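Written out below as structure tokens is the structure these notes cover.
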Amino acid sequence: MFEAQTQWFHVFKTMIDSGDLATLSGSAVKVYLVVKSFTNFATGRAFPALETIAESRDSRWPR
């Protein structure tokens, strides 16, 4: 059965509540989501290479 990972949803809520989300471009949101997908939930850190971010963004979303 599918189980949602909700550990980092609070970050999105904070971004929405503060109005920060409205200031981000679509590309910035995509990059943010890619970086978050590489987050280590135990440490809260993510270190994907720039090439990894670019490949993920370019291969999965149209420009």
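The values are calculated or read from the model by the stated rules, or taken from the named source; none is laboratory data. If you're wondering where the values come from, they're calculated on a predicted model, not measured in any experiment. No Cβ is skipped: glycine too gets one built from the backbone with ideal geometry, and neighbour counts run over all protein chains shown.
Testing residue 24 on (1) at pLDDT below 75; (2) within 22 Å of residue 54 (Cβ to Cβ), one condition comes back false. Which one is that?
(1)
Looking at the range 12-33, which of the residues that are surrounded by fewer than 10 Cβ atoms within 10 Å (Cβ to Cβ) and assigned to a helix (DSSP H, G or I) is farthest from the chain's Cα centre (by Cα)?
17
Name the pairs whose Cβ atoms lie under 9 Å apart, with the first residue in the range 14-27 and touching a residue at least 12 places away in the same chain (Cβ under 8 Å), the second surrounded by fewer than 11 Cβ atoms within 10 Å (Cβ to Cβ) and not in a helix (DSSP H, G or I), and 6 or more positions between them or separate chains?
Note: pairs meeting the criteria are 27/63.
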